[in-house]
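J.: Could you have a look at this structure, given as structure tokens, before my questions?
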Amino acid sequence: MEKTSLHGMWSSRLAFILAATGSAVGLGNIWRFPYLASDNGGGAFVLVYLACIFIVGLPVLIAEILIGRHGRRSPITTLGAITRETGASKGWTSIGWIGIVAGVLILSFYSVVGGWTLRYAWLYLAQLFGGAHITDPAAVFGSLLESPTELLLWHALFMGATVGVVALGVEKGLERAVRFLMPALFLTLLLLVAYGATTGHLGQAAGWLFRPDWSKVDAGVFVAAMGQAFFTLSLGMCAMMTYGAYLPRDVSIPRTVAIVAVCDTTVALMAGLAIFPIVIAFGISPEGGGPGLIFTSLPLAFEVMTGGIAYGLAFFALLFVAAWTSSISLLEPATAYMVERGRSRKGAAILVALVCWALGLLTVFSFNLLSHVRLLDRDLMGLIELVANDIMLPVGGLLIALFAGWVLKDGILREQLAGMPAWGFTLWRWLLRILCPLLVAAVLINALF
Ligand code: PHE
Ligand code: NA
């Protein structure tokens, strides 16, 4: 198939690593991972999550990028072309459609939470200039959630920032931004972990985070851990497939993928090690933190640390950037598809973003006007997360595994993975063919019955 993509190409291997890491590292690591660990009993959840990353996530990540690079188009077009070329059922194209729907659903709430990071960066900026301190973080967070107009405003700003980059094409602004800002984020996290150590509760936090209490494990914990593994690696919705389409031929996929997964996992674990010592030190229970966890716990520390206000500003501003580089990859697959169908890049990006923004109203209202709506013990935002992250992503990943494992021709796989040691290739293929689909199916079926 084609050597290059009509949407543009990453300028180098480093550019791809930055973009893929930018997609992976985001709210999933710093906002979602700690609160899921908090809600699911700590250690056992974390271990199941790590197992899912390395047994299921990594092989599927390789498969997604490989399919993308082979096809060089948006997921739907690529899958259509491969099915034609191999004579496989056109049904496999549904992977691309599932991905686009999941991406739109995820972006709808991701952008609302991305708006919270902007709101908090703004609050700390105001404090630097004499604004009110956050002395009661729970109250500050609560009043933000109570106000639909305020949530909508920040949600709109975040979505605007996302469209801006996607409309311009990914190569320019983004490659340059992540090069400096991601290491900076890593550094602030490291400092927060160091601060956690000074509270004297780092050991206790680590124990809670890594010592499994298997009595807490039920089907729900497995579903949450599997869903989070897919979510955090940007997997199962064709975001990585899309980024793979812009990847130069000579870059080794397995090696690149390993770097991305290790960075992503490190950031998540560090976020946990930064947040829980603070939570414990301030006498909050590590259990049941919910989506507000980082917004109600970290400000406690920023309030008492020397230079805490400037630090709070840096932290939330960098978290915004991390969320931004992820939301771009949520918007890109649908945009690329519409460009292939003849729209301008700008028009396509704006149209998809508008749909996501409007859907985001459900998340916004789930905290106020519609907070009484509950199903399966969840509010509206929780329901969207359940359907998109915990069901659609794993199902998408399962189909991708089967497609790459059984349908794609041997020659294509070997061409894309040239240089991979033979044992690695065989292992990868059988993981995709048998183990990954079985594990994902077992987790989902177990949850249903
Ligand atoms: N991986 C991102 C995060 O952890 C979220 C994401 C999911 C991005 C799916 C793209 C696709 O924040
Ligand atoms: Na992530």
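J.: So the check is Cβ under 8 Å with 6+ separation or different chains; which pairs have a first residue in segment 306-322 that's without any contact (Cβ under 8 Å) to a residue 24 or more places away in the chain and a second one that's outside any loop (DSSP other than H, G, I, E, B) and away from ligand 2 (no atom under 16 Å from the Cβ)?
T.: Gly308/Ala301; Gly308/Phe302
J.: If you don't mind, there's one more thing I want to ask. For Val223, are the conditions met, namely being modelled with pLDDT of 95 or more and crowded, with 19+ Cβ neighbours inside 10 Å?
T.: So Val223 passes the test.
J.: A follow-up question, please. Taking segment 159-186 only, how many residues are modelled with pLDDT under 70 and either assigned to a loop (DSSP other than H, G, I, E, B) or touching a strand residue (DSSP E or B) at 6+ places or on another chain (Cβ under 9 Å) (or both)?
T.: Going through segment 159-186 one residue at a time, the tally reaches 1.
J.: Next up: Restricting to helices (runs of 4 or more DSSP H) lying wholly in segment 333-449: which have 2 or more residues that are without any contact (Cβ under 8 Å) to a residue 24 or more places away in the chain? Talk me through it step by step, then tell me what you get.
T.: Details: elements: 345-365, 380-385, 393-402, 410-416, 422-430, 436-448.
Correct list: 345-365, 380-385, 410-416, 422-430, 436-448.
J.: If you check Gly307, Gly244, which single one turns out to be away from ligand 2 (no atom under 15 Å from the Cβ) and more than 24 Å from Gly99 (Cα to Cα)?
T.: Of the residues listed, the single one that is away from ligand 2 (no atom under 15 Å from the Cβ) and more than 24 Å from Gly99 (Cα to Cα) is Gly307.
J.: Further, regarding this structure: Please indicate, with yes or no, whether at least one residue in segment 183-203 is surrounded by 15 or more Cβ atoms within 10 Å (Cβ to Cβ), under 30 Å from Leu247 (Cβ atoms), of a type in the set (A, V, I, L, M) and touching a residue at least 40 places away in the same chain (Cβ under 8 Å).
T.: Yes.
J.: Going by what's in this entry, would Met240 be described as of a type in the set (A, V, I, L, M, F, W, C), surrounded by fewer than 22 Cβ atoms within 10 Å (Cβ to Cβ) and modelled with pLDDT of 95 or more?
T.: Judged against the criteria, Met240 is not a match.
For every residue, the table says whether it meets (1) within 12 Å of ligand 1 (Cβ to nearest atom); (2) under 19 Å from Ala258 (Cα atoms); (3) assigned to a helix (DSSP H, G or I).
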| position | (1), (2), (3) |
| --- | --- |
| Thr4 | no, no, no |
| Met9 | no, no, no |
| Phe16 | no, yes, yes |
| Gly22 | yes, yes, yes |
| Gly28 | yes, yes, yes |
| Arg32 | yes, no, yes |
| Ser38 | no, no, yes |
| Gly41 | no, no, no |
| Ile53 | yes, yes, yes |
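Residue-by-condition table, conditions (1) within 15 Å of ligand 1 (Cβ to nearest atom); (2) in contact (Cβ under 8 Å) with a residue 24 or more places away in the chain; (3) not in a helix (DSSP H, G or I):
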site	(1), (2), (3)
Gly227	yes, yes, no
Met237	yes, yes, yes
Tyr243	yes, yes, no
Arg249	no, yes, yes
Pro254	no, yes, no
Val257	yes, yes, no
Thr265	yes, yes, no
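J.: Here is a further query. Yes or no: Ala24 modelled with pLDDT under 95, within 14 Å of ligand 2 (Cβ to nearest atom) and buried (at least 23 other Cβ atoms within 10 Å of the Cβ)?
T.: Considered against the rule, which asks whether it is modelled with pLDDT under 95, within 14 Å of ligand 2 (Cβ to nearest atom) and buried (at least 23 other Cβ atoms within 10 Å of the Cβ), Ala24 comes out as no.
J.: Turning to a different aspect of this structure: Only one of these conditions is not met by Leu61: (1) more than 16 Å from ligand 1 (Cβ to nearest atom); (2) among the hydrophobic types (A, V, I, L, M, F, W, C); (3) surrounded by 24 or more Cβ atoms within 10 Å (Cβ to Cβ). Which number is it?
T.: (1)
J.: Would you confirm, using the coordinates I've provided, whether Leu269 is at pLDDT 95 or above, away from ligand 1 (no atom under 16 Å from the Cβ) and in a helix (DSSP H, G or I)?
T.: Judged against the criteria, Leu269 is not a match.
J.: Among the residues of segment 67-111, which ones are away from ligand 1 (no atom under 13 Å from the Cβ), among the small types (Gly, Ala, Ser) and buried (at least 20 other Cβ atoms within 10 Å of the Cβ)?
T.: Within segment 67-111, the subset away from ligand 1 (no atom under 13 Å from the Cβ) is 67-74, 76-97.
Narrowing the set further to residues that are among the small types (Gly, Ala, Ser) leaves 68, 71, 74, 80-81, 87-89, 91, 94, 96.
Answer for segment 67-111, where residues must be away from ligand 1 (no atom under 13 Å from the Cβ), among the small types (Gly, Ala, Ser) and buried (at least 20 other Cβ atoms within 10 Å of the Cβ): Gly68, Gly71, Ser74, Gly96.
J.: Which one of Gly203, Gly196 is at pLDDT below 95 and more than 14 Å from ligand 1 (Cβ to nearest atom)?
T.: Gly196
J.: Additional query: Kindly indicate whether Leu145 is out of contact with any Leu (no Cβ under 6 Å at 6 or more places or on another chain) and either within 16 Å of ligand 2 (Cβ to nearest atom) or at pLDDT 95 or above (or both).
T.: yes
The values are calculated or read from the model by the stated rules, or taken from the named source; none is laboratory data. Only a predicted model underlies this, so the values are computations on that prediction, with no experimental measurement involved. Please note: Cβ atoms are built from the backbone with ideal geometry, for glycine as well, and neighbour counts cover all protein chains shown.
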